Structures are given as C-alpha cells and as structure tokens.
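Asks: Structure in structure tokens, see below.
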Amino acid sequence: MVNTSNWNEYELVEKPILAQLSDMGYICYDLMEVDEGTLPVRTSLHEPVLVENLKESIKRLNPWISDNNLNKAVREITKVEATDTMQANFQIHTKLVKGISLNQDLGKGKKGQTVNFIDFDNPENNEFMAINQYKVAGPHHNIKPDIVIFINGIPVGVIECKNPTSFNEPEDAENEAIEQLRRYQNVRNPEIREGAEQLFNTNQVLVASWKDSASYCTIAAPARQYRQWKDPYPLTKVELAEKLGKEKVNNQDMLIYSIFNKEHLLDLIRNFIVFEKEGQGMVKKLARYQQFRAVQKAMKQIKTAQRLTDRDGVVWHTQGSGKSLTMVFLGMKLKRELNNPTLLIVTDRKDLDSQIAGTFKSCGFPNPDRAESVKDLKEKLKVGTGQTIMTTVHKFQENEKEKYPRLNDDSNIFVMVDEAHRTQYKDLAANMRDALPNACYLGFTGTPIEKNKKSTSRTFGDYIDTYTIEQAVADGATLPIFYEGRMPELWIEGEDLDELFDRYFKDYSDEDKNQIKQKYATERIIAESRQRIKKVCFDIIKHYESKIDPLKAQIVAVSREAAVIYKEVLEELNGPESAVIFSGNNNDHPRLKKWHTSDEEQKDLIERFKKPKEEDGLSILIVCSMLLTGFDAPVEQVMYLDKPLREHTLLQAIARTNRRYNDKNFGLIVDYYGISNHLKEALSVFNPKDVQGALTPIKNEVARLASRHRRAMKFFDGVDKNNLDACISVLEPENIRSDFKSAFRIFAKSMDIVMPDPAANPYRNDFKFLGKIYRGAKSRYRDKTINLKDCGEKVRKLIDEHIRASGIKILNEPVSILNKKEFEESINEIEGDESKASEAEHAIRHQIDVNLEENPEFYLSLRERLEELIEKYRQGRLDLTEKIKEQNKMMDEIRNLGSKARRLGLTEREYAFYELLKVELQEVKEQADKIAEKKSKYDTGNDSESKVNHKIKELTEKLLNRLEELAVIDWQQRDNVLREMRATIKKTLIREKSFRAKKEHITTRIMKLAKKRL
C-alpha cells in the first residue's frame, strides 16, 4: 500500500500531522495504512463533499428538517451557481456562518426556518475528520492532496506536505508545496485546467507544510501571501510541547494546533475571515496569528474585568501589519459574543476615517454608519444600542465655554480608537470620556508607547498585545526599511550650522556675517536655500532614475516654501513628473498660492501616485507634513527626507515605504537632513527593543552579497561557462532548476538593494552571466515560474541589456512550433543533439499547456503520447534519433490540426467540441460494456464509424448554433445567460440516450470549453 516515492514525506511530515490531528479529536483515515474501501461513502470522485456525512450532520443539528429540505440544504453546498471559485467560496462561507432559510411547517404554518451546517457554539456537536491522499477528479487529471480536513463532511482545509530533506533550503520546500496547492486550484495559469477547483469551493484554509515549519493562506492567494503561525496562544510554546509530549515544538506543530484545534478552527471561520473587493474581483483574507491573538486577548480582558476601566487597553501592531483588519475582527467578535453592543470607531483624520470605514464596509461588516457632523454624532450616540458608528475625534469638539454633554451611560459601548498615541489623549479624549463615561476604550496604534508611558497609557491602559517592527519584517508582513545618508556636506545639523553658514556667506565681512547669523542662520533658513535644494534635486534625480524607477517616491521638505522650491527645481531640471501637496490658506504668498490644490485635486494626484507607473506618469509627491502618517501607497519605495522628524512622526513617516508590492524588496529612506546621524536620539522616547529594526543601514546588505553570490554560482562548478547550452542543460531536472531559481532570486534581491553602489561592481559580470542562464532556462524549458518580477527593475534592465548585446536568439521569448521555419532556425542555434531534443520536447509541452483548454481531448491525447515517448527513451527502448523523429511527427500534427478539422467539414472551434463529445461517447460505451458486459445503449446498430462520427458532428453543430445565439457581449459574467446555456446543453444531451447519465459532467465540460472558444 505504501508509495515508497513518498515514504520520507509521509513519515516525516504527513504521518505526524495525522497523529496530531487524531490527538486533537479528529477522525483520521490514513490511506497509506488502510484501504480506500474504509473511507466514508462518496457519490463520485468529482464531488469532494462527503454527502452522506453532511446529511447526517444537518439532521443532527436540525432534527426537525424534512427529507425534501435536507436534500435542498445539501444542494446549497454542493451545487453552487457562481462565475468562479472565489464567488462560490464567498457564497458557501456566508451559508456556513449564517445558515440558510428553508420553508417548513413546524406546527405553526409554513415559514422560513434557519438551517445550520455547523454548530459554532458547541464544537463537539460537529464531526471533524482528516483524510490523506484524498482523490478528487478534475476535468483532465485527478488530484490527491496530502491531507484534507472536513467539518461535517464539508472539506474546509487542504494541507500539502513536502519532505525538507529533498530540498537545499526550507523555502524551496515551502515554494514547492505552495506551487502544488496553486496547481490543484487551477490558478497558476487560467488557460490550463490542471487541478480540480471544485474542492476549493468550500475551502477555508490552505497549508503548506515541511516538517519543521508550515505556512497558510486562503484560496487564490499568490505565494508571497503565505505566512507562518508563530504563537500557539492561548498556550505558551512550553505548554504546547507538554500537551504534544514533545521536548520542543516547531512552527508546524504550532500552526496545526493553532488553526485546526476545533474551537480555533470554528472561531477562525466565523469571526476571522473577510472578503474584500479588489479591482473587479474579491480577495479572501484570514487572520494572521498576531491579529487572532490580539482579538482573543482583548475579548478575555473585556469578559473578565472586575471594573469597567479594567477592560481598557492598547494594541500596538506596527504599521503595515493589518491593524485595520484587527479592528474589524474584534468588532465581529464583540457583535457576536456580547449583547448587541454599540461600536464607535474613532480616528483623528478624515482620510483615516474614510479608510477605516471603507475597510469595515468592504468586509461586509453589518451597517457601519459614518457621523457626518458634531450634531449627527451626538444624535447617534444618544440612540446607542447595536450601532457601528465611524467618526473623527474632532467631532467631540465643543464650545470652550461649555462642558461636553453626557450622551450615554451605557457600559455596552466599545470605543476603538485608531492611532491612539496622537490627538486622542488630549482634550478631545476627555470629551469622549465625558460623553460616554462607562464605555470601554481600546486604543490601536502603529507605533509603540513611549517608555515613560506618560499619555497613551493614562488614557487607554497598558498593552493588550504587541507586534513589533522586527517581528513584522521577520514574518514577511512588511518589508525591511534601509537608510542611507547622502551628500553629507549638505546635511543640516545644529553643531555644523556655523561651518555651513560660513561656507554660504564667506564673502561677507565678519560684522555683516554676525548680524545675518543672528537674524537668519537657522536650520530652516538653510534648509530652504534654493542653491542647496538644487544640489539635492540633482542627486535625487540621479538616485531615483538609477535605483527606484518605476516605483514611486516622496520628498519631505522642511516647510511649504521649501516644498514649492523642490517642485520648481525638479521642473527646471526636467526631473521625473512630480506634484506638490500642502495645506494652503488665503493669506499665502502668490508664489505658494500657485501650487494650491483643492481636496478633489489632491485626491486625484494621490490616486495617480498610487497607480503603477505604466498606468500613470506621476512619480514623486512633494510634501511638508501631509501624507506622512496614515497614507498607504504600496508602490512607494523611497522617501527623500529633508526635514527633522522625531519619535512617532519619524516612525509613522518612514513606514510609508514598508508596504509589500510587486517588484519591491525593501523600503528606503534617503536622508539629506542628517537625521540618521542622530537616530538613537530621535527615537529616544521609546524602549530600544520596541524600535529595533526600524531602520537598517544599507551598507549591512553589502556583507551578504558574497555568500549569496557563491550560492548561485556553485550550480555551474566544473561546467564550461563559455558553453551556454551546457550551462542551461544543468538546469533540466526540475528540482535543480527550482533550487537555482531560489538562489538566483535571493542574489538578485541583494544586488537590487546595493546597486548602483560601487560595492556591487565585483559581482556584476557573474550576475549578468547568471541572468543569461536564467533567461535561457526559461526559454528552453518554457518555465513560466522563471521570471524577474521580484528582483527589481534595475537588475532586470541590467540582464536585458546584456542579453540584447549578446544577440543570442534562444535567450529571448521562445519561438512557437507553429512557425516551422523560425522554430527550425532557433533549433539550429543550439549546440548538441540532446539539447535540440530537449528544446523540441519542452516546446511541445508548452504548446500542449497553452492550448489544452482550446481543444482538451486532442492535447490530452498528445500529452499522454509525449510522456510515453519520454519514458521509452529513459528506459533505453528508443534512441535519440527515434525520439526526435517522433517529436517531429507530433509537431506536424499540431501544425496540421486545422486541415484535419476541415476534412471533417468543421472549423477548428467546432472540432474541439466534436472531439470532446466523441471521447465522452467512447467512455460511456466502454463503461457500459464493462459494467453490463454488453454493447452501449447508444443505438448505432451496425452503423459504421463514419455514421457515428456524422451523428456527433450533427450534435456538435446543433449545440454550437444555439450557444452562439446566446453568447452576447460579456456573457461569461451574466448569470442569466450562463443558466440558459447550461439548460440548453442539458436539454440537447437528454435527447441522446448515451449522454443522459453524464449530462451534468458533460455540460460542465462544454461550458468551460465554450468560455474559451465562444
């Protein structure tokens, strides 16, 4: 029974997870040790839900339900009509959490009754199950995830395991597991159906596991979103080790316990999952460990407090780590577990108010309502009970001569205050307390509390939970922020001010200099010097164009006057497109008024700045104090700092650069003011451990270059580095190619951080050499996972320029086999018959993958033949000449597909449907013959093959004629059209006896093909 190729993976990872789940109360089926016949009954391999188990659970949780309604309830989970997997997942999650309503008479007339699929309040009233090697049939292939987790027969979790000893680095094992999870979901390439997406309609969590650690995410998430779970709260690591009977726990142990503990899993599904709108679609988000921990700690404190004020506290989660979502998750828990509380969400700026309100609304939070004015806020608070109110703290402003009125004495009011270290602990916070004396006050901040705890703590109490800068970077929640001081001769530092002044006024007499110095020699005056700013702008343009472009930048000027000079000088120097944003007033000088912008204009500039550069040219925002805090633009990589910032303002400002974004490996602060020389002093109000890792000198990265360079180069030790084909051939085995990809990308990221600093120069030639091999491997092996998108624009340019200069065709995009002449020319550029055969093999593979959805039956058949051919060659049953000959035949078949269709009187599009129906008919006949040991019910009699083909052709044309009539513009997004199409296909198939039994399956396949071909 044991699959020896997976033995190590099974013994090291899969089996221990099953054992841990069993200890946690799961029913576990280990198919490496027992037969598949012991599994719960399934209706079909195509149906991942354990329908009989689901039925039993529904009856157990809803004992009043009729058989008819029981079947309806099951169909609500198994037969979801949705345009894609994410939409289906959203619908099913809503049903799992809220239940559904079905009409039934329970003695008082027929009315809507709530049917629950899960008992969230009583975990032991549910059936928790784990099955390994659980087979699910996809449109073209079966998949077998290592472990599938079920609640009441509904698959809610998938765990993919990898043997870490098979990889050079743990991250390679993780990447391989994630890649497999993405393949199962059919999200790697939308044009290729290589998995079984129906398994993921009900999925709530995906896990990649590799013995010592594990990471998790939700469906459709890119690999970079997977995170580890590093805290087994409410247990400590020592307590969990004792519970598991181990000396020490690893990250895999913690994740399995923390997510799949019965109470935790139900809590996560119910209170810690949100669906947010993003562009035209949705993304699904599941809480990170720090969010889960903070919410649980807050709820515990609220429920166990002896006094009302004991409920208060502060959550410090560093900026960019999901603080707004933590507030949403806590809000959901409060709403569900307390008696209809009122939630008041308070920010200190309009833009934050909009941002938080938007977060609550986009997550489907019930009835969030923004207070529009001081009067409106008072009216809402007087009503209380069950509302969710958004406001800025300034709406607690009142006439100075009058005391702010008491509005509501209710203790069931929870005030969640965002960025609680700022305005909130002053007079306006006192007004809040006067208005709501018995409310619970919960502060949320992205920066730590000062070490003397003078203000925030007095208002909100002590920390409930902390998540530091260093932890966020280590977890990958945020990017590291590097800093470098540039042009030290222009730094504005108090102790150097006299020297700087003397340089600027060296031609003046000592008496004149003394008079000027007394009146004008201030740091601000020097910082506003146009001559100085012009030198800084020259440096910024050079730095931005060589290191940052096409990502974005902010310039922080010391004053509004300086901001305007920066704007004027950048335009004079034809620098990157920029905009200046500051607060203006009517008394401003005309020179400032020229750059005034309305709220609407500022909003438009900010939106342009947030877009990728290819969508909009605005590269640099120049500010003075606006947009330094609460401004979230992931596309921003660098902040050019020419203003003295300290404490919270400094931490808030630099965090504008730490958000994750495509093609961005780090944030950068370029210091022109001299702050980095006094960093310790600027952050002195905080405990040193709280701000550790806030800023890292860029020179630290230089030390890593040597080891990362060596790791990437070692793949080609002993290989002739002048022989490009030989180097590319080293990477033919997929596991070696995977290891090289990882090593090269890490090296490229370090080069991205350091370049164009001269410290990177010793590695440039080897980097260009490796980049040439990297691109050559992508072309040769048609490997879409080989790309430079995470490496940085400037390193991509370096590689691209080197490849263009080399003039080698095979390093560019691969030539399609459909163009016979060009393909043969490109093959002839390759040295060695083995390399040529490899190029042809991967070219055929690529053509199959790209066109599989266009004509699944033809290309599936071709894929099977190719795999058989390769296996024969490996076994020595074919020589290289025979292999090349057979591959050439396959290429000719692909090129001649159109003429083959025309011989049947069909177009290529019609031929794809024809082939599908023909293969389905053959499967029906074979299955009927095997089961009944007699001929198929398809009434062909003594019909020849040509007559059968003619009937299928007629059926194809009839179907396509009707479907083409229905295929209006954007029909794929119109539910009514999709339903009518499905109904049309089913009606047509029902008339053909042989297709009746498989009408659902065939209809699904035809619909998928129609989405590609109509």
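A quick yes/no check of all residues on (1) closer than 30 Å to A748 by Cβ; (2) without any contact (Cβ under 8 Å) to a residue 12 or more places away in the chain; (3) in contact with a Phe, Trp or Tyr (Cβ under 6 Å, 6 or more places away or on another chain); (4) not assigned by TED's automatic domain parsing to the domain that holds Y544:
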residue	(1), (2), (3), (4)
T649	no, no, no, no
D663	yes, no, no, no
F666	yes, no, yes, no
Y672	yes, no, no, no
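Asks: So is N53 surrounded by 15 or more Cβ atoms within 10 Å (Cβ to Cβ), at pLDDT 95 or above and in a helix (DSSP H, G or I) or not?
Replies: yes
Asks: Take the residues of the range 846-859 that are in a helix (DSSP H, G or I) and at pLDDT below 75: which is surrounded by the most Cβ atoms within 10 Å (Cβ to Cβ)?
Replies: N851
Asks: Kindly evaluate E171 against the criterion of being in contact (Cβ under 8 Å) with a residue 40 or more places away in the chain, under 14 Å from E9 (Cβ atoms) and under 26 Å from the mean Cα position of the chain (by Cα).
Replies: So E171 fails the test.
Asks: Still on this structure, please answer the following. Return yes or no: is Y184 under 30 Å from E47 (Cβ atoms), in the same structural domain as L18 (by TED's automatic domain parsing), out of contact with any Phe, Trp or Tyr (no Cβ under 6 Å at 6 or more places or on another chain) and not acidic (D, E)?
Replies: yes
Asks: Residue check: is L641 crowded, with 22+ Cβ neighbours inside 10 Å and either over 30 Å from H678 (Cβ atoms) or touching an Asp or Glu at 6+ places or on another chain (Cβ under 6 Å) (or both)?
Replies: yes
Asks: Any residue at all in the range 249-264 that is within 17 Å of the chain's Cα centre (by Cα), in a loop (DSSP other than H, G, I, E, B) and either at positive phi or not assigned by TED's automatic domain parsing to the domain that holds S411 (or both)?
Replies: Checking the range 249-264: not a single residue is within 17 Å of the chain's Cα centre (by Cα), in a loop (DSSP other than H, G, I, E, B) and either at positive phi or not assigned by TED's automatic domain parsing to the domain that holds S411 (or both).
Asks: Are any residues in the range 148-165 touching a Leu at 6+ places or on another chain (Cβ under 7 Å) and either modelled with pLDDT under 95 or closer than 30 Å to D739 by Cβ (or both), and if so, which ones?
Replies: The answer is V158, E160, N163.
Asks: Next question. Looking at the range 1001-1009, is at least one residue in a helix (DSSP H, G or I), surrounded by fewer than 18 Cβ atoms within 10 Å (Cβ to Cβ), of a type outside the set (V, I, T) and at pLDDT below 80?
Replies: Yes: one or more hits.
Asks: Return the residue satisfying two criteria in turn: it lies in the range 7-22 and is out of contact with any strand residue (DSSP E or B) (no Cβ under 9 Å at 6 or more places or on another chain) and surrounded by 13 or more Cβ atoms within 10 Å (Cβ to Cβ), and of such residues it is farthest from K144 (Cα to Cα).
Replies: Ranking the qualifying residues of the range 7-22, first place goes to Q20.
Asks: Need the failing condition index for R293 against (1) in contact with a Leu (Cβ under 8 Å, 6 or more places away or on another chain); (2) assigned by TED's automatic domain parsing to the domain that holds T466; (3) buried (at least 20 other Cβ atoms within 10 Å of the Cβ), just the number.
Replies: (1)
Asks: Applying the selection to the range 689-747, what residues are of a type in the set (S, T, Y) and under 23 Å from P480 (Cα atoms)?
Replies: If the condition is that a residue be of a type in the set (S, T, Y) and under 23 Å from P480 (Cα atoms), then T696, S707, S742 are the ones that fit.
Asks: Please determine whether any residue of the range 663-678 is of a type in the set (V, I, T), surrounded by fewer than 22 Cβ atoms within 10 Å (Cβ to Cβ) and outside any loop (DSSP other than H, G, I, E, B).
Replies: Within the range 663-678, not a single residue is of a type in the set (V, I, T), surrounded by fewer than 22 Cβ atoms within 10 Å (Cβ to Cβ) and outside any loop (DSSP other than H, G, I, E, B).
Asks: For the range 682-695, does any single residue satisfy the condition of being part of a loop (DSSP other than H, G, I, E, B), closer than 15 Å to G446 by Cα, touching an Asp or Glu at 6+ places or on another chain (Cβ under 6 Å) and touching a residue at least 12 places away in the same chain (Cβ under 8 Å)?
Replies: Yes, the range 682-695 contains a residue that is part of a loop (DSSP other than H, G, I, E, B), closer than 15 Å to G446 by Cα, touching an Asp or Glu at 6+ places or on another chain (Cβ under 6 Å) and touching a residue at least 12 places away in the same chain (Cβ under 8 Å).
Asks: Which one of these is within 24 Å of the chain's Cα centre (by Cα), within 21 Å of G575 (Cα to Cα) and at pLDDT 85 or above: V670, V623, V635?
Replies: V635
Asks: Go through (1) crowded, with 19+ Cβ neighbours inside 10 Å; (2) of a type outside the set (A, V, I, L, M); (3) in a helix (DSSP H, G or I) and name the single condition E171 misses.
Replies: For E171, the exception is condition (1).
Asks: Restricting the search to the range 71-98, which residues are touching a Phe, Trp or Tyr at 6+ places or on another chain (Cβ under 9 Å) and either farther than 16 Å from I273 by Cα or in the same structural domain as R42 (by TED's automatic domain parsing) (or both)?
Replies: A73, E76, I77, A82, T85
Asks: Provide a single number: the residues in the range 439-465 that are outside any loop (DSSP other than H, G, I, E, B), at pLDDT below 85 and surrounded by 24 or more Cβ atoms within 10 Å (Cβ to Cβ).
Replies: 2
Asks: Could you tell me which residue of the range 902-916 is surrounded by the most Cβ atoms within 10 Å (Cβ to Cβ), considering only residues that are in contact with a Gly (Cβ under 9 Å, 6 or more places away or on another chain) and in contact (Cβ under 8 Å) with a residue 24 or more places away in the chain?
Replies: Y911
Asks: Okay, next question. Among the numbered conditions (1) in contact (Cβ under 8 Å) with a residue 40 or more places away in the chain; (2) more than 33 Å from the chain's Cα centre (by Cα), tell me where D549 comes up short.
Replies: Checking D549 against (1) in contact (Cβ under 8 Å) with a residue 40 or more places away in the chain; (2) more than 33 Å from the chain's Cα centre (by Cα), the one that fails is (2).
Asks: Look through the range 416-438, keep the residues that are touching a helix residue (DSSP H, G or I) at 6+ places or on another chain (Cβ under 8 Å) and among the small types (G, A, S), and return whichever of them is modelled with the lowest pLDDT.
Replies: A420
Asks: For R60, state whether it is in contact (Cβ under 8 Å) with a residue 40 or more places away in the chain, in a helix (DSSP H, G or I) and surrounded by fewer than 16 Cβ atoms within 10 Å (Cβ to Cβ).
Replies: Here the answer is yes, as R60 does meet what is asked.
The values are calculated or read from the model by the stated rules, or taken from the named source; none is laboratory data. Just so we're clear, the structure is a prediction, and the values are computed from it rather than from any experiment. Every residue, glycine as well, gets a Cβ built from its backbone with ideal geometry; the counts of neighbours run over all protein chains shown.
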